[in-house]
Amino acid sequence: MDSKQRSNYVTSIADNHLILGQRLGELCGHGPNLETDIALTNIALDLFGQTRSYYQYAAQLDDAFASEDAVAFLRKEHEYHNVLLVEQPNTHFGFVIGRQFLFDAYHLLLLEQLQYSADATLAAIAQKAIKEVRYHQRFSSDWLKRLGDGTEKSRKKMQEAIDALWRYTDELFEMTPIDQLAVDAGIGVDLHALRPMYYQKISEVLEEATLVLPETNYFQKGGKQGRHTEHMGYLLADLQYMQRTYPNMDW
Amino acid sequence: MTTTEKPNIQEHLVSILESVADPEIPVLSVLDLGVIREAVEVEGMVQIKLSPTYSGCPATDMMASDIKAAFAQKGKKARVDLVLAPAWTTDWMSEKGKQKMEAYGIAPPLEPLADKEALLGNQKLVKCPQCGSTNTHLVSQFGATACKALFQCDNCQEPFDYFKCLK
Ligand SMILES: [Zn+2]
């Protein structure tokens, strides 16, 4: 695996965090109440912090990138390799919690492996991030249970969100050629191996939340190849606005 | 993963570092917070290794520039590098720092097991920094910043921040 490929691998991990962080950031000042508003934006901040560490490293590895900002803000839509799950909109609070819950369970499993990466920088980022993501998972699982095992209305809305988002879960475990190269080099995570643990964990929490495990064999994919849902363009327009309008702006 | 190594901080740099406050909790110095992992002067250049508390902590960049400014005032050049591993833990916070934090109105971190019980709401262990009662309850797992949770005291009714254990 050459350093450009390694940079691609690092970026593909971080893209999930950047896009999910952006979605959560949209809720800043718009959360259903103060506590959840603060929690969601804190989670966004953790994700952005992790993203920065990954992108700084990616920019070091590939001189095609001038800086971490170039990686974050100056790519075109098809050059982002995040999974479709994270770009799904904040339709209602059930969707926010459902999307977070489905991502956190994956994220934690990923980091538990990545912390043993033969790449010392990746291992260090993972060791740091894992402590933060444990809090994220606790938050999203608690809310999932509270809404699922709540009123008739909250249960219905939570189930609706899980049913709608379920089709994006399998993509989390899709192995791209870059993922495979990273596994072969001892620096990456074998995503196929995480799949059974993921669905096991998810179904346990769903049961506790008195929610029904969706039964479908239809899964939507393409994000890892840069083929995104229609929501992505709008998200990027927001995300990239400042850099596009004032090139090279800095804080 | 070892997280208990003592930081390598040269004696003559301590007082300068003590003068640099955490921008979020100004009663704590960067030394109290335990984020300085190394401070050595090599050929007129002070080299600092800084371990951020949380990945996305907005105070990290500010701490780095405040540190450089503090050394510049003493006529010293300083370079600050971020180090992620081993990851920062609340264990690195000094005892003196925890006391100052409590006096400032933020409940300091408990031990990991106690922290978990408190955050899950199983046991009342977090002490109100206003009246000292442990008759308190969790309001939100995330407080004003990612490192804190929001609690309320059921004795004096005051809301307060609890600095979560990170280990
Ligand atoms: Zn009190």
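So if I place +1 on the C-beta of Lys and Arg and -1 on the C-beta of Asp and Glu, and nothing else carries charge, what would the dipole magnitude of the stretch B:105-163 be about its Cα centre? I want it in debye, nearest 20.
So the magnitude is around 20 debye.
I need to check one value: relative contact order of chain A, counting alpha carbon pairs closer than 8 Å and at least 6 residues apart, in percent.
Relative contact order, chain A: 24 percent.
When chain B is treated as a GNM, springs tying every alpha-carbon pair under 10 Å, which of B:LYS148, B:LYS74, B:LYS127 comes out with the largest mean-square fluctuation?
B:LYS74
Along the charge dipole of chain A, Cβ charges K/R +1 and D/E -1, which of A:ALA126, A:ASN248, A:LEU235 sits furthest on the positive end?
Checking the options against the dipole of chain A, the answer is A:LEU235.
With angles folded into 0 to 90 degrees, how steeply does helix A:34-61 sit against the dominant principal axis of chain A? Use alpha carbons for both and round to 10.
20
Take B:TYR104, A:TYR241 and order them by how many other Cβ atoms sit within 10 Å, fewest up front.
A:TYR241, B:TYR104
Determine, from the Cβ-Cβ distance of A:TYR199 and A:ALA237 and an R0 of 35 Å, the FRET efficiency 1/(1 + (r/R0)^6), rounded to the nearest 0.05.
Working from the Cβ atoms, E equals 0.50.
At a threshold of 8 angstrom on Cα-Cα distance, excluding pairs fewer than six apart, so keeping six or more, what relative contact order does chain B reach in percent?
This gives 18 percent for chain B.
At a Förster radius of 30 Å, what calculated FRET efficiency corresponds to the Cβ-Cβ distance of A:ARG146 and B:GLU102, to the nearest 0.05?
It comes out at approximately 0.45.
Once you've got the Cα coordinates, tell me which of B:LYS116/B:LYS148; A:LYS153/B:LYS148; A:LYS131/B:LYS49; B:LYS77/B:LYS164; B:LYS76/B:LYS100 are over 24 Å apart.
In this structure, A:LYS153/B:LYS148; B:LYS77/B:LYS164; B:LYS76/B:LYS100 lie more than 24 Å apart at Cα.
Whole-Hz ³J(HN,Hα) for each residue in the stretch A:212-218, computed from phi via Karplus 6.51 cos²θ - 1.76 cosθ + 1.60 with θ = phi - 60°, x for glycine and proline: what do you get?
These are the phi-based 3J(HN,Hα) values: 9, 5, x, 10, 8, 10, 9 Hz.
Using a Gaussian network model on chain B with a 10 Å cutoff between Cα atoms, which of B:GLU102, B:GLU24, B:GLU11 fluctuates the most?
Result: B:GLU11 has the largest fluctuation of those listed.
Can you grab the distance from the C-alpha centre of the stretch A:18-92 to the C-alpha centre of the stretch A:200-251, Å, no decimals?
Between the Cα centre of the stretch A:18-92 and that of the stretch A:200-251, the gap is 10 Å.
Roughly what would the spin-label model give for B:ALA144 and A:LYS221, points 7 Å off Cα along C-beta, in nm?
Distance between label points: 4.8 nm.
With charges only on Cβ, +1 for K and R and -1 for D and E, what is the dipole size of the protein assembly as shown about its Cα centre, in debye, rounded to 20?
In debye, rounded to 20, the protein assembly as shown gives about 300.
If I fit a long axis through the Cα atoms of helix A:93-114 and take the longest principal axis of the Cα atoms of chain A, what angle between them do I get, 0 to 90°, rounded to 10?
50
Please identify the cysteines of the protein assembly as shown that lack any partner cysteine with a Cβ under 4.7 Å from their own Cβ.
A:CYS28, B:CYS57, B:CYS147, B:CYS165
Using +1 at the Cβ of each Lys and Arg and -1 at the Cβ of each Asp and Glu in chain B, identify which of B:LEU82, B:LEU28, B:GLN99 lies farthest towards the dipole's positive end.
Farthest along the dipole direction, towards plus: B:LEU82.
Straight-line reach only, C-alpha to C-alpha below 20 angstrom: list the aspartates and glutamates that B:LYS68 could link to, leaving out same-chain residues fewer than 8 apart.
Of all the aspartates and glutamates, those that pass the test against B:LYS68 - Cα under 20 Å, at least 8 places apart if same chain - are A:ASP250, B:GLU11, B:GLU18, B:ASP22, B:GLU24, B:ASP32, B:GLU38, B:GLU41, B:GLU43, B:ASP81.
Which whole-Hz couplings ³J(HN,Hα) result when phi for each residue of the stretch A:176-185 is put into the Karplus expression 6.51 cos²θ - 1.76 cosθ + 1.60, θ = phi - 60°, listed in order with x for Gly and Pro?
Using θ = phi - 60°, the values come out as 8, x, 5, 4, 5, 4, 5, 5, 4, 7 Hz.
Say R0 is 41 Å: what FRET efficiency, to the nearest 0.05, do B:MET45 and B:THR134 get from their beta-carbon distance?
0.25
What net charge do the residues around B:ASP66 carry, taking every other residue with its C-beta under 13 Å from that of B:ASP66, with Lys and Arg at +1 and Asp and Glu at -1?
-3
Can you list residues from other chains, or at least 5 along the same chain, whose modelled amide H is less than 5 Å from the amide H of B:ARG79?
Sorted by chain and number, the residues that satisfy this are B:VAL46, B:GLN47, B:ILE48.
Let me know the charge dipole size of the stretch A:1-68 about its Cα centre in debye, to the nearest 20, where only the beta-carbon of Lys, Arg (+1) and Asp, Glu (-1) is charged.
Magnitude of the dipole: close to 120 debye.
None of the figures in this text is laboratory data; all of them are computed from the coordinates on show. What you are looking at is a predicted structure, and each value in this text was computed from that prediction instead of being measured. Positions of Cβ are backbone-derived with ideal geometry, glycine not excepted, and every protein chain shown enters the neighbour counts.
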